[in-house]
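**Student:** The structure's right below; bear with me while I get my questions together.
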Amino acid sequence: MKALFLQDDFPPFAKGGAGIVAASLARELAKLGHEVTVVTAVQDRTQAGSFREDGVRIERIYSDYAPRWRAWCSLYNPATAGTVKRILAEVQPEVVHAHNVHYHLSYWTLRLAKRSGAKVFLTAHDVMLFHYGKLVEFIDPSHPECRKDWNYRVSAWQQLKRYRFWYNPFRNVVIRHLLKNVDRIFAVSTALKSALEQNGIKNVEVMYNGIDVAAWGSAPQDAADTFVAKHGLAGKKTILFGGRISALKGGDVMLEALREVVQTELDAILLLLGTRDAYLDALMRCAKEWGIENHVVSTGWLSGDELHAAYQAADVVVVPSMYLDPLPTVVLEAMAAGKPVVGSCLGGIPEMVADGETGRTVNPYDPDLLVRAVAGLLADEQERAAFGEAARERAGDRFALAASIAQHERAYAFAGTDIE
């Protein structure tokens, strides 16, 4: 089978879960003997060009523009459209699988893919098919509560009020029109599928992301020892909080919770794994103002053995997302590494974390619940170990990479594509 992937960012330049997931899928398909090409975008001209890594052909196209034009360029980006059309004509793929194309590659590439004669698939990793950012409109700030029957419907007026000059009145209509070129849409969680369908996106099925559980067993001992020594974690109870750290990811509420946790767990350390930016700098300043700066360690963005070592050093992984977080990669990594997770009750996290079995799900808008869940696990080594073991088993049962690859292959074949 000839497969072509479309993904706005791709390792080693990817900072989000979608790029990591697309890379895993592409590499595993290549190992199975499929001919895989990835088309991605870079914002540095020196990084553009043709490359080959891990058996995968990678075409990096330069594209950079002011973010305020995203609602327009996401529909059609002249910087990338012509090159994507040329690559499609050259490769002549049987399958085109798009992931995130809502920034640089643009939704127009879905039409180009269909015109090439390929079967076209799209994985929705977020709500960008109908939204401009993180979905929070379904939450009532005055009465936030965990529910199972959320109303995810978002009106044009709500988006206009929130995004103002970034708003494009034609955007969602054009996206729905271009989605007619897609044979099947995969949502990475049931919660995301529900949100898409409630906002007019049809032809959706759930396809969980996968992770190579065996690869997350442990980091090499020398890497683990070096990491612990470098960040002063020896003898500490470590709370890992990683990914694209922001207020909506729960950065503020986690720091507030830490201030309470350290009152009873004097050796608690909050380990922040994320690129140092203005928001993270603000968190560090706040920690200093509160007198808990010695309980916070910022590592910057990690990958490879160093990332594995960070999980190995963690006692608890916390993901207190305050929006519909569809299927955060941090939770998958924590589960595969055998670590208990304290996660938000919003989005797809409850589909990942079995409350009371592999970790805790809490309402992130109730800081007391977060404090009790984190402090309770830090204080109970036996429960941490039991939850971690169950989490790793659950990752293998429900989110194994091999099973995800097989499911994708079946989906490609079911749509009429010859994958022999």
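The values are calculated or read from the model by the stated rules, or taken from the named source; none is laboratory data. Source: prediction; values computed, not measured. Glycine gets a Cβ as well: all are built from the backbone with ideal geometry, and neighbour counts include every protein chain shown.
Residue-wise test of (1) out of contact with any helix residue (DSSP H, G or I) (no Cβ under 8 Å at 6 or more places or on another chain); (2) assigned to a strand (DSSP E or B); (3) modelled with pLDDT under 95; (4) more than 23 Å from residue 67 (Cα to Cα).
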position	(1), (2), (3), (4)
3	no, yes, no, yes
11	no, no, yes, no
15	yes, no, yes, no
18	yes, no, yes, no
30	yes, no, no, yes
41	no, yes, no, no
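**Student:** Please determine, by comparing only the residues of region 43-67 that are touching a residue at least 12 places away in the same chain (Cβ under 8 Å) and part of a strand (DSSP E or B), which one is farthest from residue 4 (Cα to Cα).
**Tutor:** Selected residue: 62.
**Student:** Can you tell me which residue among 332, 324 is hydrophobic (A, V, I, L, M, F, W, C), over 23 Å from residue 266 (Cα atoms) and assigned to a loop (DSSP other than H, G, I, E, B)?
**Tutor:** After ruling out the rest, the residue left standing is 324.
**Student:** How many of the residues making up region 68-113 are part of a helix (DSSP H, G or I), without any contact (Cβ under 8 Å) to a residue 60 or more places away in the chain and hydroxyl-bearing (Ser, Thr, Tyr)?
**Tutor:** 2
**Student:** Answer yes if at least one residue in region 376-391 is more than 20 Å from the chain's Cα centre (by Cα), without any contact (Cβ under 8 Å) to a residue 60 or more places away in the chain, over 20 Å from residue 192 (Cα atoms) and crowded, with 21+ Cβ neighbours inside 10 Å, and no otherwise.
**Tutor:** Yes.
**Student:** Considering only residues that are of a type in the set (Lys, Arg) and within 21 Å of the chain's Cα centre (by Cα), which ones fall in region 237-292?
**Tutor:** Those that are of a type in the set (Lys, Arg) and within 21 Å of the chain's Cα centre (by Cα): 244, 249, 276.
**Student:** Could you list, in sequence order, all residues of region 257-269 that are part of a helix (DSSP H, G or I) and either surrounded by fewer than 15 Cβ atoms within 10 Å (Cβ to Cβ) or not assigned by TED's automatic domain parsing to the domain that holds residue 305 (or both)? Walk me through how you get there before you give the answer.
**Tutor:** The first filter runs over region 257-269 and keeps only residues part of a helix (DSSP H, G or I), leaving 257-264.
Scanning region 257-269 gives 263, 264.
**Student:** Right, something else. Mind listing whichever residues of region 46-103 are at positive phi and not small (Gly, Ala, Ser)? Explain how you work it out, then say what you get.
**Tutor:** Residues of region 46-103 at positive phi: 49, 54-55, 92.
Of everything in region 46-103, those that are at positive phi and not small (Gly, Ala, Ser) turn out to be 54, 92.
**Student:** Now a separate question. Quick check on region 246-301: of everything there that is among the aromatic types (Phe, Trp, Tyr) and free of Cβ contacts under 8 Å to residues at least 60 places away in the same chain, which residue is farthest from residue 343 (Cα to Cα)?
**Tutor:** 290
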